[in-house]
Every structure is written in structure tokens, then in C-alpha cells.
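Before any comments, here is the structure.
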Amino acid sequence: MPEKLLYEGKAKKLFTTEDPGLLRVEYKDDATAFNGKKFDRMEGKGQLNNAISIFFFEYLGKNQIPSHFVRRISETEQLVRSVQIVPLEVVVRNVAAGSLSKRIGWDEGRELPYPIVEFYYKDDDLGDPLLAEEHIRLLELATEEEMQELKKKGLAVNKVLRPLLEQKNIRLIDFKLEFGLDQNGGLLLADEISPDTCRFWDADTGNKMDKDRFRRDLGGVTEAYREIYQRLTGDNL
């Protein structure tokens with residue numbers, strides 16, 4: 001059976017494979033922001049996000065946090081388990097930044113007294129809005145049990161990644177996760193974990209090393225992503 005394009009998003013393409021339980025993910029060089037209103041193409045970005053995501057998925061797997069990741073296929077591709085994506089983005093925040101700073105009036109860079117978890121509705125037409133748990137119940141996007149499990153898993157990822165990144169002199173400001181249900185109803189970490197979905201700041205200088213460089217026209221986007229990969233792995237791409 002030939003592979004078919006199943007879905008194309010802002011940063012990735014998803015293809016079927018001969019195995020109905022597996023999908024091929026291809027990372028693109030496209031850079032988008034503000035729900036696709038800002039767009040550019042940056043050579044090497046797809047390769048870097050693929051490699052960084054693989055690093056994080058493998059590291060989290062070794063720390064008892066399972067994901068949909070199966071194996072690397074190429075510089076820009078990976079094989080993943082087919083899952084039914086929960087239509088909620090799980091955002092874990094350690095430091096005030098971005099929309100949180102605007103909503104609560106705290107300066108960017110102010111440490112939160114404890115990590116917080118927010119839910120956003122995965123709906124491009126609505127602009128992926130922030131949802132209260134009452135809204136999630138109203139829309140029947142997740143059960144009470146699933147919401148608590150999403151929170152628990154999000155905080156578990158944070159607990160594993162923060163000390164790792166501190167060792168690399170990287171401050172983990174916040175990050176977005178997506179989860180999916182496998183064929184047995186198990187909740188697996190899915191999508192990607194990269195500078196596209198995380199805020200990474202240099203621990204000494206506060207220099208931004210993530211997608212905010214694109215959002216805010218700071219330049220040096222792929223260079224920052226490459227620096228993240230180099231700090232994580234000790235290798236160069």
C-alpha cells in the first residue's frame with residue numbers, strides 16, 4: 001500500500017505507512033507564527049527540530065515517560081505510533097513570559113513560585129484559545145480523569161527536563177505538549193518537543209534560543225536552534 005499524506009500542519013507532514021499502527025513524520029523548514037499570519041522558510045530548521053525532538057523523546061523514555069516516538073528514519077523524518085490526538089495543548093510554565101506576562105501583568109523573566117499548567121483548545125479557526133477546566137467539560141474535550149492525567153504528565157515532563165537543561169546552562173521558561181491515545185487507550189506524549197514548542201533562555205544572559213527569535217524579529221533563528229542541539233548532545237548539525 002503506497003504512503004499517503006494524512007495531514008499537513010504548519011511545521012510537519014504526517015504520512016501513512018504500510019503498518020496501520022505507524023506513521024511517518026516529516027519536519028519542514030517552514031517557520032510560522034501568530035496562527036500562520038507570519039511565515040518564512042529557514043533551511044535546516046526541519047532537520048534541527050527533528051533531531052532535538054528525538055533527543056527529548058528518547059531521554060524522557062529513559063525516565064519512564066512514554067511517547068509516540070519509535071525511531072529516526074532520516075535527517076528530517078521519524079517513525080511514530082498512530083495515536084488519536086487529544087484536542088488540548090498542555091502548556092507548562094515555570095517563568096512569566098509571552099501571553100502569561102500580558103494576562104497577569106508580570107514582567108517577563110519573573111520566576112513563578114511553582115510550575116503551572118494551562119490548557120489551550122487545538123482549533124486554528126478559534127486561534128487556539130486558553131480554556132478553563134469548566135470549558136473543557138462543557139465541550140467534552142476530555143474527562144476529569146484525563147485532565148488530571150494530562151496535568152500529571154505535563155508536570156512529570158517538566159520535572160525531568162528542568163534539571164537536564166540547567167546542566168546545559170539553559171533556562172526552561174515554558175513549553176507546549178500534545179498527547180494522544182493509543183489503540184489501548186493509553187495516553188502517550190506526542191507531536192514534538194523543540195525550540196518551536198518551548199521557550200529556552202540562556203541561563204546567564206537571558207538570550208532567547210527559541211521561536212521567539214522569529215516571532216519578535218530577533219534574527220538568528222536556526223543558529224539558536226543549532227546551539228540548543230549542540231548543548232544537548234555535544235554534537236554539531
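The table for this structure:
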quantity: Between segment 55-86 and segment 157-201, the alpha-carbon center distance in angstrom; calculated: 12
quantity: Protection proxy ranking, peptides 44-53, 192-201, average beta carbon neighbours within 10 Å, highest first; calculated: 192-201, 44-53
quantity: Contact order normalised by residue count of segment 5-81, Cα under 8 Å, 6+ apart, percent; calculated: 27
quantity: At least 27 Å along the helix axis (C-alpha) and Kyte average at least -1.0, DSSP helices within the chain; calculated: 144-167
quantity: Length-normalised contact order of the chain in % [C-alpha pairs under 8 Å, at least 6 apart]; calculated: 17
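Here, each number is a calculation from the coordinates, and none is a lab measurement. The shown structure was predicted, so the numbers you read here are calculated from the model rather than taken from an experiment. Note: ideal-geometry Cβ built from the backbone for every residue, glycine included; neighbour counts use all protein chains shown.
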